[in-house]
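Engineer: Take this structure, written in structure tokens, and hold onto it; I'll ask about it next.
Bear in mind that the values in this text are calculations on the coordinates, not laboratory data. Just so it is clear, the structure is predicted and the values come from calculations on it, not from any experiment. Cβ coordinates were reconstructed from backbone atoms using ideal geometry, including for glycine residues, and neighbour counts include every protein chain displayed.
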Amino acid sequence: EAKIGGHAIHRMYVDGGSSMEILYEHCFNRLRPEIKSQMVPETTSLTGFSGETTWPLGQLRLLVTIGDATHSTKAWMNFMVVKSLSPYNGIIGRPRLKAIQAVPSTVHGMLKFPTKEGIVTIRSSLLILAECASICTSSGKPREERTHPANFTVALHPNFLDQEVVVGGSLSDRGRTELCAPLKKNLDIFAWQPSDMTGVPRSVAEHRLNIREGCPPVRQKKRGQAPERAKAIQAEV
């Protein structure tokens with residue numbers, strides 16, 4: 001349980017592997033109107049664990065209080081409002097866990113975090129399997145497919161038109177122009193061909209063979225190549 005935006009919300013999942021805070025639509029719809037009116041549009045998509053892409057309905061910044069009246073911690077969290085079926089009302093991800101210095105344990109179902117009064121330990125409550133199953137199968141309606149604009153490819157260097165940069169399609173014409181302008185202005189910082197890569201200082205990166213000192217060198221057997229590959233290698237070298 002957590003107090004979010006003045007509401008006591010149960011079934012909040014603590015996920016140390018999530019890079020975002022999530023608030024599901026069925027929970028968002030039960031917030032007070034003055035809280036829901038604070039949601040702002042969001043143009044960034046979310047990628048799930050299995051690679052699926054979800055477009056959030058918006059972003060909502062809320063003050064979250066975890067703990068009881070005498071032992072608690074507070075933090076502002078930016079929730080992505082997502083339309084998706086879930087047995088939970090929301091997810092608290094890795095960034096805010098770090099902000100409140102919380103340490104979760106999935107094995108023990110516990111969460112520990114420091115407060116002015118000392119270390120607080122919260123134990124999770126297990127969801128009834130039947131409840132999870134009923135939530136996942138309650139709606140047979142297909143999910144809405146939200147289309148997003150296609151990306152653009154831009155050639156920055158006039159002498160290397162085949163080397164293009166991909167620009168997100170959600171940007172406006174002015175945004176694409178402002179993004180590409182500094183790139184075209186600083187073409188010399190990019191390597192457009194192998195001769196542009198003159199080397200990396202050893203203070204930045206250095207390659208070292210991990211060989212035990214004192215071992216004699218061993219010449220490996222020459223590896224032959226197919227005739228076509230041999231010609232291609234000889235032409236390139």
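Engineer: In terms of modelled amide H atoms, which long-range or inter-chain residues lie less than 5 Å from the amide H of ILE100?
Structural biologist: none
Engineer: Just to be sure I understand: with springs between alpha-carbon atoms less than 10 Å apart, which residue in ALA102, ALA226, ALA150 has the highest mean-square fluctuation in the Gaussian network model of the chain?
Structural biologist: Most flexible of the set in this elastic network: ALA226.
Engineer: Residues of the range 166-181 with amide nitrogen under 15 Å from the 7 Å Cα-to-Cβ point of ASP196?
Structural biologist: What the label zone holds, given the 15 Å backbone N cut-off, is 166.
Engineer: Divide the volume of the convex hull of the Cα atoms of the chain by its number of residues and quote the answer in cubic angstrom per residue.
Structural biologist: In the chain, the Cα convex hull volume per residue is 326 Å³.
Engineer: Within the P(r) computed for the range 2-137, what percentage of the Cα pairs occupies the region above 19 Å?
Structural biologist: On the way: 4751 of 9180 pairs.
Of the Cα pairs, 52 percent sit more than 19 Å apart.
Engineer: Shifting gears a bit: Sequence gap at least 6, Cα distance under 8 Å: using those rules, report the relative contact order of the range 152-193 to the nearest whole percent. Write out the running numbers ahead of the final one.
Structural biologist: Values: 29 pairs, mean separation 15.0, N = 42.
Contact order relative to length: 36 percent.
Engineer: What residues qualify as long-range amide H neighbours of ARG61, i.e. H under 5 Å apart, gap of 5 or more or another chain, H built at 1.01 Å from N?
Structural biologist: Under 5 Å from the amide H of ARG61 lie the amide H atoms of PHE79, each far enough along the sequence or on another chain.
Engineer: Using only the Cα atoms of the range 152-193, each taken as one equal point scatterer with no solvent, compute I(q) by the Debye sum, divide by I(0), and report log10 of the ratio at q = 0.15, 0.23 Å⁻¹.
Structural biologist: Log10 of I(q)/I(0), two decimals: -0.36, -0.79.
Engineer: So how do 190-199, 112-121 stack up, highest first, on mean other-Cβ count within 10 Å?
Structural biologist: 112-121, 190-199
Engineer: Each residue of the range 116-123 in turn: what ³J(HN,Hα) in whole Hz from Karplus with 6.51, -1.76, 1.60 and θ = phi - 60°, glycine and Pro shown as x?
Structural biologist: Ordered by residue, 3J(HN,Hα) equals 5, 8, x, 7, 10, 10, 10, 9 Hz.
Engineer: Express in whole angstrom the spacing between the alpha-carbon centres of the range 1-22 and the range 177-214.
Structural biologist: 42 Å
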